Amino acid sequence: MRRFPTVFIVVALAFGLPALANASDNNIDKVNGSVQVDPGQQVGDVSTVNGAVRIAAGATVRKASTVNGSVTLGDKAQASELGTVNGAITLGRDSRVSGEVSAVNGHIQLATGADVGGKLDNVNGGIELDAAHVAGGIRTVSGDIDVGANSRVEGGILVDKQTGWFHFNGRAPLVVIGPHAVVQGTLEFKREVVLKVSDSAQIGPVKGATVVKFSGANP
């Protein structure tokens, strides 16, 4: 989260300038419009303001970021980092992000086989894993978390307290750890949550919440 201001101040400085593509280092920078990276294409950094970033199946980018738009990483596509302010992030089947995936006010969803090497981080919006892997832990403030069946998370889970302008949601987030899922590291909750854990899941130490066990596919 601490890197967001620097990244998006740079993007915001481009606001009002004409759209451009920097061919010298294969970057794509755009304002007021969406960006499409075609299947199998390899590019550098991709960014826009007021538009979506769509990275098609099998494509490779470095960083992909937007303000007021979604980021979609297609099946088997790869990136080093994904970020958005006011938009969702979706990772397709068997996609790979080597670093952090960060959203402010946006849903994050990982399809089967998706792999994130860094942290999965948002403020407000659900986080869903479907038999996916996150190596750097999960953090949210107000979003529900669903670590779906057969998912694996290293680095624990943190639901942070609401402070400053983030203090906008009084509902207790729902955190579900599904069947045969594994969460290594501490599950720490600095605000009230509802924590439901499958009786076939494996989790680390829990701080700040009471575990409610369930059996079957869903709580």
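We did not get these values from a lab; they are worked out from the coordinates using the rules stated. Please read these numbers as outputs of a predicted model, since none were measured by experiment. With ideal geometry, Cβ positions are generated from the backbone for all residues, glycine too; neighbour counts draw on all protein chains shown.
How big is the equivalent ellipsoid of the range 35-107 along its three axes, where each semi-axis is √(5λ) from the Cα gyration tensor, reported in whole Å from largest to smallest?
That gives 17, 12, 10 Å for the three semi-axes.
Quick one: what does P(r) look like for the chain with 10 Å bins over all Cα pairs, in whole %?
9, 35, 33, 17, 6, 1
How big is the charge dipole of the chain about its Cα centre, in debye rounded to the nearest 20, if each Lys and Arg gets +1 on its Cβ and each Asp and Glu gets -1 on its Cβ?
For the chain, the charge dipole is close to 400 debye.
First select every other residue whose beta carbon is under 13 angstrom from the beta carbon of V134; then total the charges, Lys and Arg +1, Asp and Glu -1.
In short, -3.
Looking at the chain as a GNM with Cα springs under 10 Å, which of L120, L158, L91 has the largest mean-square fluctuation?
Looking only at L120, L158, L91, the largest GNM fluctuation is found for L158.
Modelling each spin label as a point 7 Å along the Cα-to-Cβ direction, I'd like the N50/T112 distance in nm, to one decimal.
Taking the simple label geometry, N50 and T112 are separated by 4.0 nm.
What do you get for trypsin sites (Lys or Arg not before Pro) in the range 157-219 restricted to DSSP loop and a cutoff of at most 10 other Cβ within 10 Å of the site's Cβ?
Working: sites: K161, R171, K190, R191, K196, K207, K213; in loops: K161, R171, K190, R191.
Qualifying residues, ordered by number: R171.
Among the listed pairs K63/K196; K63/K190; K30/K63; K76/K190; K161/K196, which are separated by more than 25 Å between their Cα atoms?
Among K63/K196; K63/K190; K30/K63; K76/K190; K161/K196, the Cα-Cα distance tops 25 Å for K63/K196; K63/K190; K76/K190.
Using only helices, what value at 222 nm comes out for the chain when you add -39,500 (n - 2.57) per DSSP H run of length 4 or more and divide by the total residues, to the nearest 500 deg cm²/dmol?
-1500 deg cm²/dmol
Where Lys and Arg each count +1 and Asp and Glu each count -1, what net charge lies around L158 among other residues with Cβ under 11 Å from its Cβ?
Around L158, the surrounding residues sum to +3.
Mind checking which of G117, G126, G33 has the largest fluctuation in a GNM of the chain, springs on alpha carbons under 10 Å?
Comparing G117, G126, G33 in a Gaussian network model of the chain, the most mobile one is G33.
On a 0 to 90° scale, report how tilted helix 4-13 is relative to the longest principal axis of the chain, with both axes built from alpha carbons and the result rounded to the nearest 10.
Once rounded, one gets 20 degrees.
Work out the FRET efficiency for Q42 and N86 from their Cβ-Cβ distance, taking R0 = 25 Å, and round it to the nearest 0.05.
After rounding to 0.05, the efficiency reads 0.35.
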